[in-house]
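Since the structure comes first, as structure tokens, the remarks are kept for the end.
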Amino acid sequence: MHTYEQALQSGKKFLLEHDDYLVVSHVQPDGDAVSSTVTVGWLLSCLGKTFTMINEGEIPGRMRFLWGADDIVNMTEQPPARKFKAVICVDCADFARVGLTRHYFEEDAVILNIDHHPTNNAYGTVNIIKSDAAATAEILFDLVSLFPVTLNKDAATAIYTGLLTDTGGFRYANTSPNVMTTASKLLEHGVDGPYLAQTLLEQVTLPQVRILNQALNSLQMTDDGKIAWVVVTPEDMITCGAANEDLEGIVNYPRNIQGVEVGIFFKIINDSAVKVSLRSAGKVDVAELAQTFGGGGHVLAAGCRLEGTLEDIVAKVLKQVNAQW
Ligand code: 5GP
Ligand code: MN
């Protein structure tokens with residue numbers, strides 16, 4: 001049986017035995033994705049390895065202060081100029097989550113898959129999956145500690161950022177004793193907790209407030225008050241001058257309404273595709289729900305992408321939520 005410790009040791013070996021690594025995370029990277037990417041980059045630089053960090057999607061503006069964040073290449077086109085034989089995927093529950101960056105993988109590339117999603121299907125050559133970790137960054141803290149390197153403030157700040165954002169500011173159910181212990185150690189490495197909370201969680205941009213206003217105007221609920229949802233259209237995005245990163249947290253509003261069991265955010269991508277974000281108040285396993293639509297995530301927070309018109313997709317998702325009680 002593979003224990004977590006054994007997986008970490010295999011991950012350590014993977015980092016030592018290759019070079020010229022490609023480090024990727026999921027499309028439209030969030031706090032944990034960016035943090036985990038740069039933490040791996042930082043560790044590789046400590047080990048004297050060369051590496052390239054690539055992502056599909058913009059790095060959220062509020063995370064650009066992180067060490068290495070400006071070096072992450074935003075991959076929007078294919079084919080790439082070159083490919084890599086050793087790849088490290090962080091925070092990606094399945095292979096499809098890497099998006100267009102897959103075009104950078106050699107066909108016979110070896111992959112180190114580091115992730116905390118229970119829906120992860122172990123697509124790597126080496127897999128470090130800890131589904132009770134609050135963030136991929138939490139796993140990276142353990143991985144870094146296997147090497148004779150000293151965590152500096154830059155790396156500690158990145159790991160803390162992953163913990164902070166994936167626990168919603170140390171509030172969600174995934175805020176385990178280990179999260180708090182790890183955060184405490186990171187603070188001892190000089191991390192500025194209040195600054196990160198302000199920059200990453202409190203501060204909002206004007207487009208963010210505008211798009212939230214727009215989303216709240218679209219609020220709908222089922223008659224029994226158990227499912228609530230909001231919709232954002234491409235036109236809303238343009239009118240509000242909003243970027244994808246401005247949508248972070250919107251789904252919590254329908255979910256947080258008293259009596260609501262499942263909050264949903266439908267983001268229309270184009271005429272034929274909708275991104276669906278699902279949040280549960282506790283009774284419904286939305287990871288399972290998202291998986292029935294080809295997506296994934298965590299028990300209380302999951303997502304998927306569906307093809308079709310909004311009307312059809314809303315009907316389909318509501319029906320599936322009702323089937324899940
Ligand atoms: P969000 O709704 O904030 O985009 O995502 C919530 C959670 O679900 C995150 O952990 C995210 O990684 C996961 N998730 C969101 N969309 C998808 C998807 O299309 N596929 C998979 N496998 N996971 C997703
Ligand atoms: Mn994560």
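Remarks
- Restricting region 7-63 to chymotrypsin sites (Phe, Trp or Tyr not before Pro) that sit in a DSSP loop and have at most 11 other Cβ atoms within 10 Å of their own Cβ leaves nothing.
- A dipole drawn for region 206-322 from +1 and -1 charges on Cβ atoms has a positive end, and of I268, N252, I313 the residue lying farthest that way is N252.
- Proximal charge balance of K185 [Cβ under 14 Å; K/R count +1, D/E count -1]: -2
- Computed E for D224/A96 - FRET, C-beta separation, R0 25 angstrom, nearest 0.05: 0.15
- Proportion of all alpha-carbon pairs of region 206-322 beyond 16 Å (%): 56 percent
- Residue list for region 1-45, given a label point 7 angstrom along the Cα-to-Cβ vector of K85 and an amide N cut-off under 12 Å: 18-21
- Net lengthening on full extension, L206/L47 (0.36 nm per residue, minus Cα-Cα): 53.1 nm
- Net charge of Cβ neighbours under 15 Å - reference C304; Lys, Arg +1; Asp, Glu -1: +2
- GNM result for the chain, Cα springs below 10 Å: residue of G259, G303, G57 fluctuating most strongly: G259
- The chain pair-distance distribution - Cα-Cα, 10 Å bins, rounded %: 6, 26, 35, 24, 9, 1
- Sorting E56, E235 by the number of Cβ atoms found within 10 Å of their own Cβ, with the fewest placed first, yields E235, E56.
- Cut-off 15 Å, label 7 Å out along Cα→Cβ of E17, residues of region 114-149 by amide N: 125-128
- Per-selection Kirkwood Rh - region 1-58 (Cα, Å, 1 d.p.): 12.4 Å
- Spatially proximal lysines relative to K316 (Cα-Cα < 20 Å; intrachain offsets below 8 disregarded): K226, K267, K275, K283
- 5 angstrom amide H check on Y21, placed H, neighbours 5+ away: T50, F51, T52
- Each Lys and Arg Cβ is given +1 and each Asp and Glu Cβ -1; about its Cα centre, the chain then shows a dipole of about 320 debye.
- Mean residue ellipticity at 222 nm, helices only, the chain: -10500 deg cm²/dmol; runs of at least 4 DSSP H residues each add -39,500 (n - 2.57), and the sum is divided by the number of residues.
- Cα centroid of region 222-293 to Cα centroid of region 93-108, whole Å: 26 Å
- The lysines within cross-link reach of K130, meaning a Cα-to-Cα straight distance under 21 Å and a gap of 8 or more places when in the same chain, are K12, K13, K185.
- Cα-based Kirkwood hydrodynamic radius, region 80-218, one decimal, Å: 17.0 Å
- Under the convention that each Lys and Arg Cβ holds +1 and each Asp and Glu Cβ holds -1, the size of the dipole of region 206-322 around its Cα centre is about 220 debye.
Read-outs: derived from the displayed coordinates by stated rules, not from any lab. All values reported here derive from a predicted model rather than from experimental measurement. We place every Cβ from the backbone using ideal geometry, glycine too, and count neighbours over all the protein chains shown.
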